Amino acid sequence: MKLEEYKAGKYIKINDYNAFIPSKINCNWGWDDTKLDKLLADANRQIGELNAYSLLIPNVDLYIKMHIKIEANKSSRIEGTRTTVEEDLLDISDINPEKRDDWEEVQNYVKATNYGVEKIKEGFPVCTRLIREIHKILMQGVRGEHKMPGEFRISQNWIGGNMPSNAIYVPPPHMEISECLTDFEKFINNDKIDTPDLIKIAILHYQFESIHPFLDGNGRIGRLLIPLYIQSKGMLDKSCLYISDYIERNKSVYYDMLTRVRTHNDMISWIKFFLKAVIETSKIAKDKFRSVVELTMQMDRMLMDLPVMPDNARKVLDVLYNEPIVSRKRIIESTGMKFTTLVGVINALREKNILIETTGYSRNQVFAFQRYIDLFLK
């Protein structure tokens, strides 16, 4: 079927509101739009380059860990959380009590992402079972914990407004969810069609957001599906493509494009937006990895000029690559270093402005490897 002929679905009247039922997507999609061809080729090339680059970088899993933390912050911010990346890197005891709920939501996103990535590595397919498992982790112990974590909804939800009758969008009623998700899952794993994977995941993301199968957390799960799907299809050996930063910076356009699919049957414009997000995000990820490699080389050279044992300084730096905001106590636990030895290393690193003390206290100090953090925030 041609994307130009796509019909988004239909509205059904329920009491005093209209709910939208998206049309089925499990078929072979083609198109005539040459601009879409060009964007798809560019997106595939950029992902290929990112994959090659990620496989050449030593310790890339450490940097991806930081990548995921940034993604968790950005994806959660789209939904209204207000912690900074630096706050998300702290222990909960160091977080302002007013922001602890937000902090917990971001940490859950990190856990859910890591869980999904590991399951895909084990050969588990992207499917509704995995989606529910990830949702359960995402919603555990946070504000949505009473909204059926890990279970598809059995009541009506809506977006915007305080009731379905004045909502911006009303997804399908819960009785329709099973059929919608069956078609959704078939499309994910339909190997008999030759629709390119980036086109498929663009359509899948739109479809998931339209079905809105959970009472809460749909946006975050929908965005998380993107890297998991790309990883599951072997496009990336390392899970290092996260587009929530692009979406947050273009949030109004993102929502407009999703809405336009439903109102104008315009799937092609949404896919173009998605492919542009993939292209820009892939380029940014390559630049960040390149900058991190340059920084680690600078740090390696700098170690030889410090007035402390290079091996001790390296141990501390290795902790900082893993936890770029960290307490003195945590460094001691990780390195086994004596307190007096660590004080000397920390002082030497602070002298070079590599470490910044963030609390202003003389005890219970917390240090930030700000140069490293800043590379991921560009």
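The values are calculated or read from the model by the stated rules, or taken from the named source; none is laboratory data. Computed from a predicted structure; not experimentally measured. Cβ sites come from the backbone with ideal geometry, for glycine too, and all protein chains shown count toward neighbours.
Among the residues of region 1-44, count how many are surrounded by fewer than 16 Cβ atoms within 10 Å (Cβ to Cβ), within 15 Å of Asn265 (Cβ to Cβ) and of a type in the set (Gly, Ala, Ser). Looking only at that region, the number is 1.
Would you call Ile271 assigned by TED's automatic domain parsing to the domain that holds Ile284 and over 18 Å from the mean Cα position of the chain (by Cα)? Can you show your working first?
On the way: assigned by TED's automatic domain parsing to the domain that holds Ile284: yes; over 18 Å from the mean Cα position of the chain (by Cα): yes.
Judged against the criteria, Ile271 is a match.
Only one of the numbered conditions (1) at pLDDT 90 or above; (2) under 30 Å from the mean Cα position of the chain (by Cα) is violated by Thr335, and that is (2). Which of the residues belonging to region 315-351 are assigned to a loop (DSSP other than H, G, I, E, B) and more than 21 Å from Val85 (Cα to Cα)? Scanning region 315-351 gives Gly336, Met337, Lys338.
With Asp245, Asp216, Asp237 as the choices, which residue is over 22 Å from Gln46 (Cβ atoms) and not aromatic (Phe, Trp, Tyr)? Even if it seems obvious, please write down each step before you answer.
Numbers: Asp245 fails: over 22 Å from Gln46 (Cβ atoms); Asp237 fails: over 22 Å from Gln46 (Cβ atoms).
Exactly one of Asp245, Asp216, Asp237 is over 22 Å from Gln46 (Cβ atoms) and not aromatic (Phe, Trp, Tyr), namely Asp216.
Among the residues making up region 79-103, those that are surrounded by 18 or more Cβ atoms within 10 Å (Cβ to Cβ) and touching a residue at least 24 places away in the same chain (Cβ under 8 Å) are Thr81, Val85, Leu89, Leu90, Asp102.
Going by the structure shown, is Tyr255 assigned by TED's automatic domain parsing to the domain that holds Lys24, assigned to a helix (DSSP H, G or I) and either buried (at least 18 other Cβ atoms within 10 Å of the Cβ) or at pLDDT 95 or above (or both)?
Values: assigned by TED's automatic domain parsing to the domain that holds Lys24: yes; assigned to a helix (DSSP H, G or I): yes; either buried (at least 18 other Cβ atoms within 10 Å of the Cβ) or at pLDDT 95 or above (or both): yes.
Criteria met by Tyr255.
Taken together, Ser210, Ser178 contain a single residue that is more than 20 Å from the chain's Cα centre (by Cα), assigned to a helix (DSSP H, G or I) and not aliphatic (A, V, I, L, M), which is Ser178.
Please find, among Tyr115, Tyr63, the residue that is part of a helix (DSSP H, G or I), at negative phi, at pLDDT below 95 and among the hydroxyl-bearing types (Ser, Thr, Tyr). Step through it out loud before you land on a result.
On the way: Tyr115 fails: at pLDDT below 95.
The match here is Tyr63.
Among the residues of region 259-307, those identified as crowded, with 19+ Cβ neighbours inside 10 Å and hydroxyl-bearing (Ser, Thr, Tyr) are Thr281, Ser282.
In region 320-348, which residue that is β-branched (Val, Ile, Thr) and crowded, with 19+ Cβ neighbours inside 10 Å is nearest to Ile68 (Cα to Cα)? Filtering region 320-348 for residues that are β-branched (Val, Ile, Thr) and crowded, with 19+ Cβ neighbours inside 10 Å, the one nearest to Ile68 (Cα to Cα) comes out as Ile325. Do we find a residue being at pLDDT 95 or above, aromatic (Phe, Trp, Tyr) and surrounded by fewer than 22 Cβ atoms within 10 Å (Cβ to Cβ) anywhere in region 183-197? Yes, region 183-197 has at least one match. Just wondering, is there one or more residues in region 142-150 that are modelled with pLDDT of 95 or more and out of contact with any Asp or Glu (no Cβ under 7 Å at 6 or more places or on another chain)? Taking every residue of region 142-150 in turn, none turns out to be modelled with pLDDT of 95 or more and out of contact with any Asp or Glu (no Cβ under 7 Å at 6 or more places or on another chain).
When region 151-173 is filtered for residues that are of a type in the set (A, V, I, L, M, F, W, C) and surrounded by fewer than 20 Cβ atoms within 10 Å (Cβ to Cβ), the ones remaining, listed by number, are Phe152, Ile154, Trp158, Ile159, Met163, Ala167, Ile168.
Can you find even one residue in region 137-149 that is touching a strand residue (DSSP E or B) at 6+ places or on another chain (Cβ under 8 Å) and surrounded by 14 or more Cβ atoms within 10 Å (Cβ to Cβ)?
Within region 137-149, the subset touching a strand residue (DSSP E or B) at 6+ places or on another chain (Cβ under 8 Å) is none.
For region 137-149, residues touching a strand residue (DSSP E or B) at 6+ places or on another chain (Cβ under 8 Å) and surrounded by 14 or more Cβ atoms within 10 Å (Cβ to Cβ): absent.
Applying the criterion of being buried (at least 22 other Cβ atoms within 10 Å of the Cβ) and of a type in the set (Lys, Arg) to the residues of region 219-252, the residue that is nearest to Ser23 (Cα to Cα) is Arg223.
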